[in-house]
Every structure is written in C-alpha cells, then in structure tokens.
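We did not get these values from a lab; they are worked out from the coordinates using the rules stated. Note that the structure is a prediction, hence the values are computed from the model and not measured. For neighbour counting, all protein chains shown are included, and Cβ atoms are generated from backbone atoms with ideal geometry for every residue, glycine included.
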Amino acid sequence: MSDSVSKSGKAAGMAFVTGGSRGIGAAICRQLAADGYAVAVGYGHNEAAAQSVVAAIRDAGGTAEAVHVDVSELDSIDDRIGEAEAALGRLSVLVANAGVTGEARRVDEQSLGNIEDVFRVNAVAPIACAQAAVRRLSTRHGGQGGAIVIMSSVAAHSGGAGGLATYGASKGAMETFILGLGKEVADEGIRVTGVAPGIIDTDMPPDELREAAETVVPMGRLGKPAEIADAVSWLVSDRASFVTGESVTVSGGR
Ligand code: NAP
C-alpha cells in the first residue's frame, strides 16, 4: 500500500501510535489521520475500542488499521511496527502514548510488582519503541528521517500528587530520555519531542482529581484529548522543524 497523502498532496507516511484505542491516543490517531498519515492504531487490551477509532478514521476518508501491541511485551514491539509497515507503508512518526498510573497510593504501601509494571509500560516500553523507530528512521541506518513523540505528564515536574510518585518518576525518566535521544539523533533526520499533559478528560484521572480541576487548574477545567492531539500534530509536522529534545506542557496553566 502506498504512503498516505495529506491535503497538501505531500506523502506523510505511516504514524504508529501506542495506546491509540482510547483517550488521548485515540484523539491523536484521529488528528494524525486528518493530517494525512496512514495510522496504526495500537491497542493493548481493547480491540473493539481500537476498531471503532479505525472506523471513525475511515468514515472521515482516512487510512488506518488496528494493531495489537501490548507494550509490556517488549520483545514484540519491533515486530508489531514491522507488521504495521507491511499494511500501511513506511514508518514516519512514532507516538509512544500508552501509559498507566498503577496503584495510586504512598510508595511504602505499593507492591514491588506495581513499581515494576509502571516503569515497564511508561518508561522501558517507550524506550524500546523509540529504539525500533530509530533503527527504521535514522539516516545512519538508511532511513529517511521522521519524528518521535513520547507522552510525558506534568507529574514529571510536580512529583505526582495523590499517591502517584512512582508514576511521576516514570514520566520524569521520559523527560530525560527525550532530551538525551533528541541530541543523539538530531543530525540523523529524527526529531524527538514530548507532550506533558495536565489533567485531561479521559478514563485515567481519578474522580477526586477530575472534581478538583476547577480549582487546581488555572483555566478552571479539564483539558480535552483533542488539545493534546493538536500539540502532537504540530510537533510531528514541518512547522516544528527546529524543535527537538524537549517536551511541551499542555495543562491549562497548571
Ligand atoms: P487512558 O484513557 O487510560 O488510556 C490509556 C491507553 O493506554 C489506552 O489506549 C490503553 O490501551 C493503553 N495501554 C495501557 N496499557 C497498555 C499496554 N500494556 N500496552 C498497550 N497499550 C496500553 O489514558 P490517557 O489519559 O489517554 O493517557 C494517555 C497517555 O497520556 C498516558 O501515557 C498517560 O500517562 C498520559 N497522561 C494522561 C493524563 C490525563 O490526565 N489523562 C495526564 C498526563 C499524562 P488498551 O485499553 O487497549 O489496553
């Protein structure tokens, strides 16, 4: 299948989005499809949700396929990207979005398994995704360049309120990785960036945090998944051609 073509007529290539089945990831898939990418809608556990994102994209005239990629199965990630390339064309954009909060409780009350799981999904897996992407995109490996976006969080800077210190630490690791990888591949045609969302209206924020948004968010509301997707759309585009190694906070001023 040929590369997808944007409204400007430019071949945009394939965008591989982990955690594309719900919430922020689903909004990113829809936006990148509208931008002209052929989108691999990655899902971990919710195939039906991923298929409905694919259906919405196709109804709007875009190109998408659902791809099962449980990012905690690190060995499978490279193969899943390869399968998406076979179906949708050359990888151009990776969005490592899949994430979990894990147990929201004090660290001294968390299981070691939780700590390991949160870091596996939120930190080790995005690095494994980025590794697979760099091997395909880097001009050093014969690739044509591209963009990598990793989903961070304001918790990377705040430490993670309400029992989310482990979660915050996993996102803090990603802020450092974005900076380091951005420098590592800057002259190989790859830009590496992140988005650090505030409290966004998805299944993820606990009820207490959602209810507190009016007071703890300077703009007085939850963010919308589409507002994060807009930032990703800009970051992967040529309009952000001199931006690498950093993340953009989208938090309503929080
Ligand atoms: P969400 O609504 O809970 O969705 C989480 C997504 O991650 C789902 O698509 C889920 O897919 C996927 N996922 C979870 N574990 C996975 C695994 N092992 N393998 C593959 N996919 C997996 O969360 P969200 O709010 O959209 O969050 C998306 C990203 O934004 C996360 O990295 C999160 O940390 C970050 N973030 C969110 C907020 C917020 O307030 N919502 C704030 C800051 C940062 P399946 O259901 O198919 O498994």
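Hey, what number do you get for the chain at 222 nm if only DSSP H runs of n ≥ 4 count, each worth -39500 (n - 2.57), divided across all residues, to the nearest 500?
Taking each H run of at least 4 residues, the total per residue is -12500 deg cm²/dmol.
For the chain, a crude dipole built from +1 on the beta carbon of Lys and Arg and -1 on the beta carbon of Asp and Glu, taken about the Cα centre, is about 720 debye to the nearest 20.
Based on DSSP H assignment, which helices of the chain show an axial Cα extent of at least 27 Å together with a mean Kyte-Doolittle hydropathy greater than or equal to -1.0?
Span-like helices, by this rule, are 165-184.
Per Stokes-Einstein, at 25 °C and 0.890 mPa s, what whole-number D in µm² s⁻¹ belongs to the chain, with the Kirkwood radius over Cα pairs as the hydrodynamic radius?
136
Ordering Val100, Val236, Val118 by the number of other Cβ atoms within 10 Å of each residue's own Cβ, fewest first, gives Val100, Val118, Val236.
Cβ-to-Cβ counts within 10 Å put Leu91, Leu74 in ascending order as Leu74, Leu91, the fewest first. Contact order, relative form, for the chain: 18 percent (alpha carbon pairs under 8 Å, 6 or more residues apart, mean separation divided by residue count).
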